[in-house]
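The values are calculated or read from the model by the stated rules, or taken from the named source; none is laboratory data. All values derive from a computational prediction rather than experimental measurement. Every residue, glycine among them, receives a Cβ derived from its backbone with ideal geometry; neighbour counts consider all protein chains shown.
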Amino acid sequence: MQIIFGLAWLCLSLLAGEAVKDTLQLAIPAPVLAVVILVAGLGLYGRVPDGLRLVAEFLLRHMALFFIPVLVGMLALSDLLSDILWSLSLIILVSTVVPLFVTAWIFQKLAPPFEASSEGASQHETD
Amino acid sequence: MRLTELPAWPGLEGLFWLLLTLALYRGLSMLRARLQETAWAQPLIWGAILIAALLVGLDIELARYQLGGDWLIYILALSTVSIGVPIYDNRHVIRAAAVPFLAAMCVGSALAAGSAVMMAGLLDFDAALRATLATKSITSPMAFGVANEIGGLPVLAMGVVIVTGNFGVLVAPKIFQVFGLTDPRAQGLALGVVTHGIGTAEAVRRSALIGSFAGLAMGVNGVLTSLVLPIVFL
């Protein structure tokens, strides 16, 4: 029964996301709006219901499974891919390595030293 | 993804492909555990390669696999929404370092998408391909939807995000080591922004702190970029 309620939370968020998207004619995917709505909803509710945590953890842990058919679907693009394979690989290489370095570097420069703000994080480990 | 359409009934053939996908995922997950969770052994990549090889080898149409495979794709929308739970869980973590967090995230995310789009322009890629690459710093289920909205190729967008994630996870430890980036929060943040779900999964295995920063960065970045991109591209 808990799982039903957990699924209901997710479906309701999606439903609200679709409704907002259609009403305001936004070019933002409904699932993205649904994430914002879910976080806001949890804020109002004050905690994560057990059923929702159960369902969400399952879905997040096994997300890779749901992607397999998407990746297989790239077969339909094999002509295009064979044309741009090398340039695409080069683009991915550069646009992965550079931001990895820059993002970590900026945070390390700007953030207070690690020990000072670690109490917020240790809280998470008890979740 | 329109949620109002009913999926086609998979039938005997579709159910076979669905079961095969589940079995491969399970088998490859067990294999990865055997191999000490090495980043090379992604069940997603190898599962997709094996199925694709089977389809090509036996000359089976993609549409027939998708009779079963589509059912898993419908669950993706729910998985995406689930990202809201870790974001809510970690709201204290971000509050403790909100400004550096947001600053590093915005620059990193803009750089990842911007450098990809700029190089695509230099290499004469067409508009659809450039729009596709613009989504590369969004977690893949969201990239799928955003690519759809801004005139990119959704399937390619997810493929690029997934490849980026796998590649990033392999090179990240070297980059952090060479440049002396030892703050676990900085590592988690970079992994979350650049390598998304795959990097986040990797980060969680290293430590809960790195993992919580990665998950949060992935979620917040995904939402913010999804909100901004349609404005830039339309």
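Restricting attention to the stretch B:106-128, the residues being assigned to a helix (DSSP H, G or I) and facing chain A (nearest Cβ under 7 Å) number 8. Among the residues of the stretch B:183-195, is any under 21 Å from A:Val72 (Cβ atoms) and modelled with pLDDT of 85 or more? Checked the stretch B:183-195: no residue is under 21 Å from A:Val72 (Cβ atoms) and modelled with pLDDT of 85 or more. Among residues of the stretch B:132-160 that are touching a residue at least 12 places away in the same chain (Cβ under 8 Å) and facing chain A (nearest Cβ under 7 Å), those with a Cβ under 7 angstrom from a residue that is assigned to a helix (DSSP H, G or I) and charged (D, E, K, R), sequence gap 6+ or separate chain, pair up as B:Val160/B:Lys136. In the stretch A:1-26, the residues that are under 12 Å from B:Val81 (Cα atoms) reach residues that are polar (S, T, N, Q) with C-beta atoms within less than 7 angstrom, at least six apart or across chains, in these pairs: A:Leu10/B:Ser82. Can B:Ile45 be described as modelled with pLDDT under 90 and part of a helix (DSSP H, G or I)? For B:Ile45, the condition - modelled with pLDDT under 90 and part of a helix (DSSP H, G or I) - is met.
How about the stretch B:161-182: which of its residues are at the interface with chain A (Cβ under 7 Å from one of its Cβ atoms) and either buried (at least 20 other Cβ atoms within 10 Å of the Cβ) or assigned to a helix (DSSP H, G or I) (or both)? Before the answer, list the steps.
Initial filter on the stretch B:161-182 (at the interface with chain A (Cβ under 7 Å from one of its Cβ atoms)): B:162-164, B:167-168, B:171-172, B:175-176, B:179, B:181.
Result: B:Ile162, B:Val163, B:Thr164, B:Phe167, B:Gly168, B:Val171, B:Ala172, B:Ile175, B:Phe176, B:Leu181.
Would it be correct to say that B:Ala53 is buried (at least 17 other Cβ atoms within 10 Å of the Cβ) and at pLDDT 85 or above? No, not satisfied. Scan the stretch A:94-106 and give yes if some residue there is surrounded by 24 or more Cβ atoms within 10 Å (Cβ to Cβ), within 7 Å of chain B (Cβ to nearest Cβ) and among the aromatic types (Phe, Trp, Tyr), otherwise no. No, every residue in the stretch A:94-106 fails to be surrounded by 24 or more Cβ atoms within 10 Å (Cβ to Cβ), within 7 Å of chain B (Cβ to nearest Cβ) and among the aromatic types (Phe, Trp, Tyr). Of all residue pairs spaced 6 or more apart or on separate chains, those with beta-carbon atoms under 9 Å, a first member in the stretch A:103-124 that is within 24 Å of B:Ser137 (Cβ to Cβ) and a second member that is loosely packed, with under 12 Cβ neighbours inside 10 Å and modelled with pLDDT of 50 or more are A:Gln108/B:Gly180; A:Leu110/B:Val99; A:Ala111/B:Val99. Taken as a whole, the stretch A:50-67 holds at least one residue that is within 9 Å of another protein chain (Cβ to nearest Cβ), closer than 30 Å to B:Asp124 by Cα and assigned to a helix (DSSP H, G or I).
Restricting to the stretch B:133-149, name every residue that is more than 22 Å from B:Ala217 (Cβ to Cβ) and either assigned by TED's automatic domain parsing to the domain that holds B:Gly69 or crowded, with 20+ Cβ neighbours inside 10 Å (or both).
Within the stretch B:133-149, B:Glu149 is the sole residue that qualifies.
Quick check on B:Gln42: is it out of contact with any His (no Cβ under 6 Å at 6 or more places or on another chain) and exposed (fewer than 13 other Cβ atoms within 10 Å of the Cβ)? Against the criterion (out of contact with any His (no Cβ under 6 Å at 6 or more places or on another chain) and exposed (fewer than 13 other Cβ atoms within 10 Å of the Cβ)), B:Gln42 does not qualify. Among the residues of the stretch A:17-30, none qualifies, meaning not one is touching a Leu at 6+ places or on another chain (Cβ under 9 Å), modelled with pLDDT of 90 or more and not in a helix (DSSP H, G or I).
Please tell me if B:Ile73 is aliphatic (A, V, I, L, M) and either within 23 Å of A:Arg53 (Cα to Cα) or surrounded by fewer than 15 Cβ atoms within 10 Å (Cβ to Cβ) (or both).
Yes: the conditions hold for B:Ile73.
Has the stretch B:19-33 got at least one residue that is assigned to a helix (DSSP H, G or I), at pLDDT below 85 and not aliphatic (A, V, I, L, M)? So far as the stretch B:19-33 goes, no, none of its residues is assigned to a helix (DSSP H, G or I), at pLDDT below 85 and not aliphatic (A, V, I, L, M).
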